[in-house]
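Q: Mind looking over this structure? Questions follow.
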Amino acid sequence: MAATAYFDYAASAPLDPRVAAAQAEASALIGNPSAVHGPGRAAREVIDRARDSVARLLSADPAEIVFTSGATESNNAALKGSYDAAARANPGRRLRMLASPIEHPSVAETVRFLAERSGAVVDTLPIDREGRVSAADVARLITPDTVVVCVMWVNNVLGAVQPIEEIGRAVAAARSSRRVGEPPLHFVCDAVQAAGWLKLEPGRLGIDALSVSAHKICGPKGIGALYLRRGAEIEPLLRGGGQERGMRSGTENVGGIAGFGAAADLVVRDRETEVGRLAVLRRRLLDGIASAGAAILGSPGSAAPGTVFLQFRNRGGEDLALRLDAAGLAVSTGSACEAGSRKASGVLRAVYGDQASRRGGIRISFGRFTTGEEIDRLAAELLRLAA
Ligand code: PMP
């Protein structure tokens, strides 16, 4: 049988060999980056270079980049940090958070935790049939007590792209009408599924905190970053030696950081041509299965080029994913973090209701190493299974 064709880039993309080489080289450095001696300075230089690379990926200032263990940590740090800073400055005030209903569990569960532990009031944005929230609803639902607006850039299940620029403007307008003494307002954005193909400019778009993860852009697992706008004040999640300008204590993951930097460089260099190539592969897949009668969920007109969510009439998502796996084709039923627990996808439920959610579907996600031949193999098998 042919080697397994991998269509689960949205869960984790393959490590690029050029990234692996940079990571291995940096992992061999012996010094602690905080040490003043030569070996320490060598490790520090590697981190500084990678910070410049990740800053370029985000069109940010290197001083705005905080390395973390991944986007789960970045999201926790941004949300808890923003909420706790606001709560500390406004004792006794009932503060609110406004979030989309299709956030990744690392956001959704953190918001729920803040409601339970700290008494945050959570307002949830309406969502349309294409999996998109609207900036008008954001503007309408922000109150003087709202301290966090949280909307992900690209949804990890549907690939739906949110109107981040318009939302940024709505948040900025609400902020500028705040009076002295009213709590701060932070726009927190999970950009994990956007970083590999969209030009991210959080500073220009009014985003205060933005999360990215290296393993979604062909970098190593277990390393990510939090963009924190200069001047945005949050409480650090981890306290200790004061690394990362006090925002994330702990000896830096030098190898992972070097790998993340190399992965960011490759995205910046190849982004434009790669997006075009992925759009061609997407068309090839959709043309190939046109007669299968599958529904494309999400917003086909504005979706991540490498993510397609399909629902088939004759087979549920799990059934299809298992049959495809047996044929050497690795796809997902949604989010890896939700798979395995047999509960229906929260994203599908929020957008399409219980029935569609129970039926499920398959998420096909592809990227840098996907070939046209692999797409054709997948399309042929889907046609066979749908017949
Ligand atoms: N947010 C989104 C949208 C994701 O897809 C993921 C990864 N499944 C995460 C956050 C968590 O990232 P990490 O694996 O780096 O913790």
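Q: Using heavy-atom solvent-accessible surface (probe 1.4 Å) with all chains present, what is the largest-first order of 175, 248, 358?
A: Most to least solvent-accessible, the answer reads 358, 175, 248.
Q: Taking the chain as a Gaussian network, where each spring joins two C-alpha atoms under 10 Å apart, which residue of 105, 220, 202 fluctuates the most?
A: Most flexible of the set in this elastic network: 105.
Q: Report the accessible area of residue 164, computed with a 1.4 Å probe over the heavy atoms of all protein chains in place, in Å² rounded to the nearest 10.
A: 0 Å²
Q: Taking a probe of 1.4 angstrom, what is the accessible area of residue 352 in Å², to the nearest 10?
A: 40 Å²
Q: Moving to a separate point now. Can you pull a Stokes-Einstein diffusion coefficient for segment 348-387 at 10 °C (1.306 mPa s), Rh from Kirkwood over Cα pairs, as a whole number of µm²/s?
A: 130 µm²/s
Q: Given that compact globular proteins tend to follow 2.2 N^0.38 Å, what is the ratio of the alpha-carbon Rg of segment 1-113 to that value?
A: 1.47
Q: Right, another one. With each run of n ≥ 4 DSSP H residues scored as -39500 (n - 2.57), what mean residue ellipticity at 222 nm is computed for the chain after dividing by its residue count and rounding to the nearest 500 deg cm²/dmol?
A: -13000 deg cm²/dmol
Q: Once the cut-off is 29 Å, how many percent of the Cα-Cα pairs in the chain end up in the long-distance tail?
A: More than 29 Å apart: 44 percent of the Cα pairs in the chain.
Q: Under a GNM of the chain (C-alpha, springs under 10 Å), which listed residue has the highest mean-square fluctuation: 211, 345, 365?
A: Looking only at 211, 345, 365, the biggest GNM fluctuation is shown by 345.
Q: Just the Cα atoms of segment 5-52: what Rg and Dmax do they give in Å?
A: Cα only, segment 5-52: 14.6, 47 Å (Rg, Dmax).
Q: Counting C-alpha atoms alone, how compact is segment 222-315: give Rg to one decimal and Dmax as a whole number, in angstrom.
A: Gyration radius and largest Cα-Cα distance of segment 222-315: 20.5, 60 Å.
Q: Peptides 298-304, 204-210, 282-288, 75-81: what's the order by average Cβ count within 10 Å, highest mean first?
A: 75-81, 204-210, 298-304, 282-288
Q: Taking H as built 1.01 Å from N, whose amide H comes closer than 5 Å to the amide H of residue 122, not counting residues under 5 places away?
A: Under 5 Å from the amide H of residue 122 lie the amide H atoms of 97, each far enough along the sequence or on another chain.
Q: About the Cα centre of segment 217-338, how large is the charge dipole given +1 on each Lys and Arg Cβ and -1 on each Asp and Glu Cβ? Please answer in debye to the nearest 20.
A: 220 debye
Q: Then there's this: For 247, 97, what's the largest-to-smallest order of accessible area, 1.4 Å probe?
A: Listed by decreasing accessible area, they come as 247, 97.
Q: Taking springs between alpha-carbon atoms closer than 10 angstrom, which of 159, 353, 203 fluctuates most in the Gaussian network model of the chain?
A: Highest fluctuation among the options: 353.
Q: Give the distance, in whole Å, between the Cα centre of segment 222-292 and the Cα centre of segment 23-96.
A: So the two Cα centres are separated by 12 Å.
Q: Before I look further, what does the chain give for accessible area per residue, probe 1.4 Å, in whole square angstrom?
A: Accessible surface, normalised per residue, equals 42 Å².
Q: Between Rg and the Kirkwood Rh of segment 252-387, both from Cα atoms, what is the Rg to Rh ratio?
A: Ratio of gyration radius to Kirkwood radius for segment 252-387: 1.01.
Q: Given a 1.4 angstrom probe, I'd like the percentage of the accessible area of the chain that is carbon and sulfur, rounded to a whole number.
A: Roughly 53 percent, rounded to a whole number.
Q: Place +1 on the Cβ of every Lys and Arg and -1 on the Cβ of every Asp and Glu in the chain, take the dipole about the Cα centre, and give the residue among 256, 227, 187 whose Cα lies farthest towards its positive end.
A: Projecting each Cα onto the dipole axis, the largest value belongs to 187.
Q: Need one value: the accessible area of residue 260 in square angstrom, 1.4 angstrom probe, rounded to the nearest 10.
A: Residue 260 has an accessible surface of roughly 0 Å² with all protein chains in place.
Q: Sticking with this one: Identify, among 89, 126, 101, the residue whose Cα sits farthest towards the positive end of the charge dipole of segment 8-128, taking +1 on the Cβ of Lys and Arg and -1 on the Cβ of Asp and Glu, with the dipole about the Cα centre.
A: Final value for the positive-end residue is 89.
Q: How large is Rg over Rh for segment 112-231, taking Rg from the Cα atoms and Rh as the Kirkwood inverse mean of 1/r across Cα pairs?
A: 0.97
The values are calculated or read from the model by the stated rules, or taken from the named source; none is laboratory data. Bear in mind that the values here come from a model prediction, so they are computed numbers and not experimental data. Counting neighbours? That spans all protein chains shown, and the Cβs are built from the backbone with ideal geometry, glycine included. Keep in mind that these areas ignore ligands, DNA and RNA; they rest on the heavy atoms of the full protein, side chains included. Shrake-Rupley method; radii C 1.70, N 1.55, O 1.52, S 1.80 Å.
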